[in-house]
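Right, one structure below, let's go through it.
The numbers here are math on the coordinates, done by the rules we state, and not lab data. The model shown is predicted, which means the values in this text are computed figures rather than measured ones. Every residue, glycine among them, receives a Cβ derived from its backbone with ideal geometry; neighbour counts consider all protein chains shown.
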Amino acid sequence: MSNVFHMPSLGADMEAGTLIEWTKQPGEPLKKGDTIAVIETQKGAIEVEVFHDAVMGRPLIDIGEKVPVGAPMAELEPLEPDTPSARPAETRAPGKAATVAGRQGEQQTSEARPQPSTASEAAAPAPQSQAPEPTAAAERHRASPAARRLAEQRGVELTAIEGTGPGGAVTLADVKAASGQPQPAPQQKPKPNSKRTQGKPDLAAMRQAIAAAMSRSKREIPHYYLAHDIDLTSAADWLTRRNAERPPDKRLLLGVLFIKAVALTLRDFQELNGFDRDGRFEAAEAIHVGTATAIRGGGLVAPAIHDADQLHLDALMARLRDLVARVRRGGLKASELSDPTVTVSSLGERGVDRLYGVIYPPQVAIIGFGSPRTRPWVVDGDVQPRSVVTATLAADHRHSDGHRGALFLARLAARLQEPDAL
């Protein structure tokens, strides 16, 4: 039985994607996590990965073609049992027709996730060493995220390359050719039918799609909402001491403590970390926290930080900085958009006291944080000025209730008052 690699779903607001380029050629070996293609969606250019070892087979769609979610994209040939994955492509028998199913194809039947309705502009400013902004010339000269990275690594000037992608955009193959690495002849000729700036989201279309997804969520999911004020004084003092001797690009942000505290607390509240599948709850095997982040100029995405409960705070901060930088310049991976198990959103930088999120199906909960404020607070019978933040929970009443939700917020508050344990 043969199967194919399918166009992935990257959110309930996505109906189709446009192929910008193939990053692998027929006969090339693929390892789990390798980028196989770059597709353009309402969120911008997204790198699509494979989820098992294979060999790139015959492409089934042309570059520049708009393809619905779930449609076949390419054949994947199986690795022979006695064949190492690194064997050169020219030693393989060409045109082998056998194909294997990708995990990505299996995921198309699951309901996708809409994009956030609230988020901070960015969880943390990306340091120059982590995510340099494209130059003005590079912005004018269109190129896929993968092509930009390779050009930077090899010292190739994008403006000197004649692109062969949609609308004259520079592709990964163009950069390789310009830097002296020969490339096999492309399987299809590009169709220059895309007039948008490659890698940049169509913001009007994105907002319409988000609105449609949020309307569906509110219509179909019985939301319940809870709010809880949390004393952050201990956490804020601990963070100040921790950051005192660190350079700016190594300092921790309060938002990272929020993410880690949520992730650890969810270990004891599995009914908030998972998915609704046709009215039945499916607990997630891991805790992948979607971090709501605003795209410059408008629009929102919520890419996942995988296994957030297992990451040290410094590693979590590095992941968050990297994620925000790639949201800004374009370069998110399909897996980061397709598998969050819960979402955390914050409007602290906007001065909002509290926010009430809308659940992103098939997730069953979203946690929000407002802006920390200095408030009068009773401590041991005395009224003291304390730093306080309001945390909110929106959850699916089919799979949890207010009692469990209240216990979750209380446990979350207790964790944030013991930052050494995060």
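Name the residues whose placed amide hydrogens come within less than 5 Å of the amide hydrogen of residue 17, ignoring near sequence neighbours (fewer than 5 apart) on the same chain. HN-HN under 5 Å from residue 17: 67, 69. Taking the Cα centre of segment 209-278 as origin and assigning +1 to Lys and Arg Cβ atoms and -1 to Asp and Glu Cβ atoms, the resulting dipole is close to 300 debye. Per residue, the Cα convex hull of segment 206-421 amounts to 130 Å³.
For segment 324-340, backbone phi angles converted through the Karplus equation (6.51, -1.76, 1.60; θ = phi - 60°) give residue-by-residue couplings of 5, 4, 6, 4, 5, 9, x, x, 6, 9, 4, 5, 6, 9, 9, 10, x Hz, Gly and Pro being listed as x.
Summing Lys and Arg as +1 and Asp and Glu as -1 over all other residues whose Cβ lies under 9 Å from the Cβ of residue 19 gives a net charge of -3. Taking a 28 Å limit on the Cα-Cα distance, which of the listed pairs 176/250; 250/333; 260/333 fall beyond it? The pairs that break the limit, which is 28 Å between Cα atoms, are 176/250. With 0.36 nm allotted per residue and the present C-alpha distance subtracted, the residue 160-residue 225 stretch has 17.9 nm of extension available.
Note on 50, 156: ascending count of other Cβ atoms within 10 Å places them as 156, 50, the fewest first. Take each peptide in 219-232, 360-373, count the other Cβ atoms within 10 Å of every residue, and average; sorted highest first, the result is 360-373, 219-232. Over segment 210-324, what portion of Cα pair distances is larger than 17 Å, expressed as a whole percent? Value for segment 210-324: 67 percent of Cα pairs lie more than 17 Å apart.
Report, by chain and number, residues whose modeled amide H sits under 5 Å from the one on residue 74, excluding near sequence neighbours (fewer than 5 apart, same chain). Amide H neighbours of residue 74: 5, 60.
Computed from backbone phi, the HN-Hα couplings of segment 29-34 come to x, 10, 10, 3, x, 5 Hz, rounded to whole numbers (Karplus: 6.51 cos²θ - 1.76 cosθ + 1.60, θ = phi - 60°; Gly and Pro given as x). 3J(HN,Hα) couplings calculated from phi for segment 240-256 with the Karplus curve 6.51 cos²θ - 1.76 cosθ + 1.60 (θ = phi - 60°) are, in sequence order, 4, 5, 5, 8, 4, 9, 9, x, x, 6, 10, 6, 8, 10, 4, x, 5 Hz; Gly and Pro show x.
For segment 338-412, the equivalent ellipsoid built from the Cα gyration tensor has semi-axes of 27, 16, 8 Å, listed from largest to smallest. From least to most packed, judged by other beta carbons within 10 angstrom and beginning with the fewest, 161, 259, 20 follow the order 161, 259, 20. Between residue 143 and 170, the built amide H atoms are under 5 Å apart, and every one of these is 5 or more places off in sequence or on another chain.
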